[in-house]
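One structure below.
The values are calculated or read from the model by the stated rules, or taken from the named source; none is laboratory data. Computed from a prediction, not measured in an experiment: that's the story for all the values here. Ideal geometry is used to build each Cβ from the backbone, glycine not excepted, and the neighbour counts take in all protein chains shown. Quick note on the areas: whole protein, heavy atoms, side chains included, nothing else; ligands and nucleic acids left out. Shrake-Rupley method; radii C 1.70, N 1.55, O 1.52, S 1.80 Å.
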Amino acid sequence: MGTYVLRRLLIAIPSLLGISAVLFCVMALAPGDPFGELATNPNVPPEVRAALREKFGMDDPILMRYWHWLVAMLQGDWGFSFVSRINVDTLILQRIPATLAIVGLSQILAICIAIPVGVYSATRPYSIFDQIANTLAFIGFSLPTFFTGLLFILLFSVKLDWLPFVYRSDLSATGLQWWWEQFKQSIMPICVLGFFQAASMIRYVRSAVLDVIRLDYVTTARAKGLGEKVVITKHVVRNALIPVVTLVALQMPAVFGGAIVTEQIFRIPGIGSLLISSILSNDTPVVMAVTFVFSCLVVLFNLIADVLYGWLDPRISYS
Amino acid sequence: MSIMIVVILFGSFVWKVPINDIDFRAKLSTPSFAHPFGTDDLGQDLLARMIYGGKISLAVGFAAMFVAVVLGTIIGAIAGMSRGWLGSFLMWLADLFLSLPQLPLLLVVIYLFRDSLKSVFGPEGGVFIMIVVVIGGLRWMPVARLVRAQFLSLREKEFVEAARALGASKTRMVVRHILPNALGPVIIAATIDVAAAIIQESTLSFLGLGFPPDIPTWGRILFDARDFLDIAPHWALFPGAAIFLTVVTINFIGDGLRDALDARRVM
């Protein structure tokens, strides 16, 4: 198992390198200059500007610059935010727990909804329950997250006044009270993201279970006299989950995209809203770093999916 | 769906209220006879603005789909026909693009290239071209994989063999014989791509980074309405419902096409 994980890790490295290359190319191809601001500043003489360009290697060939950038990123030297005047890595480390909590919890919520509903509707295809679940799932993944978010705010915060619609990281309460407040302010973003994910997952789970349930080994298990419950949970679901895991991993980029939108709606101080605000204030180092962190997160979740895959399907050899 | 398209295309001839007509007396009014969908905080008529935004959304959706399908078909066809390293390299590239976080990348590209394109093509055209190219350019991978899979099986079929025996060139074989047979799944993917592109465009506008503020796309109207949810819910509800209805119908068509073309229906 250990070597398997290690191998997957090693496979992830080229894809990270590829992503960083794409990002760097976008950045290098972009018009405009990080020193453009200095050029318009009359207090900076041209010699100083030239010296700065020299120092930061702006005139080197692109491969050299990529190499320098990569080395700096690996050493943890992520640059300096133009706007908030602190190091980019501290800024991101401050923001990342909120994002991870929201994304993680919403994934768990989605799985908790999607697997039971998908399995149940696949065991009774074309029943009333199946049709209702299918319709809801269809509506669910056609509703963009920003619209569901606004609807939730309208319903629960404005009309019913149950939940706060602005996420605060500086809650004054302590102890149980703090957890309750935290729960109240997180539930809407988590539900918005979770429902969206669950909707597409239900469809995957349903079709995967439908594919598996017709196989001969399921009939064998039934013929052995196993209860329907055991057949479904032990024999069908485990096998059906294998393709689902792959599809969920492929969805990860979309999930993080949704997280950016939700963070923006509910004003959660995560890295998604950091990205938006730094784009709006032209804070290039932060923008590049956050995008890179997002790519790393996507690769990380793909890695987790791979490991899960190996656990679900013992036929995959670990060697 | 067709009703929707008709309304969006010809609505501006019927509903002649200009989109920028500011009327503070009718500010934030709820739906009424004069303004069927109500007005926003400057008293601008929402129906007129939504018809205008719908044109943009549909145009972006179809244009981005076109870019994605053309790019995907070309790459998939090359990958499917080549027997050497080129095919596996292109598929590796597709996998790489699939694991890129699309929305952040989209935002970054728009952030970096916005100003220069604006100066070349003007504010509206520049942003339109960029959004279409970027959304389409990040969505070619599923199409490429589909096309490649189709090509791999089709290129061994007898009719291709026959065409080759008749002395058809490689290009003619691909364009006249293989490609038409590979297009079924591509059409389904293209339908779904339109919906996805519309959602992405509205997401961008909703984040305040799409079209310039004076162009009312559906996402932009939602973005503006966000701060007035408590006093003017209709302002957010109508554009949101419009996005939702469009996407649902397009997805529905895609689903129906899949059921019609895919004989593997269960039970």
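For the range A:88-312, averaging the sequence separation of C-alpha pairs within contact (under 8 Å, six or more residues apart) and dividing by the residue count gives a relative contact order of 30 percent. Considering only A:Ile265, A:Thr233, A:Pro253, the residue lying farthest towards the positive end of the dipole of the range A:184-283 is A:Thr233, judged by Cα position with unit charges set on Cβ. Per residue of peptide A:287-295, the mean number of Cβ atoms on other chains within 10 Å of the residue Cβ is 4.
A loss of 10 Å² or more of accessible area (1.4 Å probe, protein heavy atoms, ligands and nucleic acids excluded) relative to the isolated chain is seen in these residues of the range A:124-143: A:Pro125, A:Tyr126, A:Phe138, A:Ile139, A:Phe141, A:Ser142, A:Leu143. List the residues of the range A:98-114 whose backbone N lies under 11 Å from a point placed 7 Å from the Cα of A:Trp179 along the Cα-to-Cβ direction. Counting only backbone N, you get no residues. Across peptide A:252-260, the mean count of Cβ atoms from other chains lying within 10 Å of each residue's own Cβ comes to 5. What quantity of accessible surface, computed with a 1.4 Å probe and excluding non-protein components, is buried in total between chains B and A, in Å² to the nearest 100? It comes to approximately 4300 Å² buried between B and A.
Size descriptors for the range A:88-312 (Cα atoms only): Rg and Dmax, in that order, 20.0, 67 Å.
What relative contact order, as a whole-number percentage, does the range B:124-196 give when Cα pairs under 8 Å and 6 or more residues apart are counted? Across the range B:124-196, relative contact order equals 38 percent.
For the pair A:Ile304 and A:Leu155, the difference between a 0.36 nm per residue extended length and the Cα-Cα distance amounts to 50.0 nm. Residues A:Cys191, A:Cys112, A:Cys25, sorted by accessible area with the largest first, give A:Cys112, A:Cys25, A:Cys191 [1.4 Å probe; ligands and nucleic acids excluded].
Basic side chains Lys and Arg get +1 at the Cβ, acidic Asp and Glu get -1 at the Cβ, and with that the dipole of the range A:88-312 about its Cα centre reaches some 720 debye. Solvent-accessible surface (1.4 Å probe) assigned to A:Leu155 amounts to roughly 90 Å². Of the residues A:Val117, A:Met188, A:Ser200, the one whose Cα sits farthest towards the positive end of the charge dipole of the range A:88-312 is A:Val117 (charges of +1 on Lys and Arg Cβ, -1 on Asp and Glu Cβ, taken about the Cα centre).
The residues of the range A:218-319 expose, per residue, 40 Å² of accessible area to a 1.4 Å probe.
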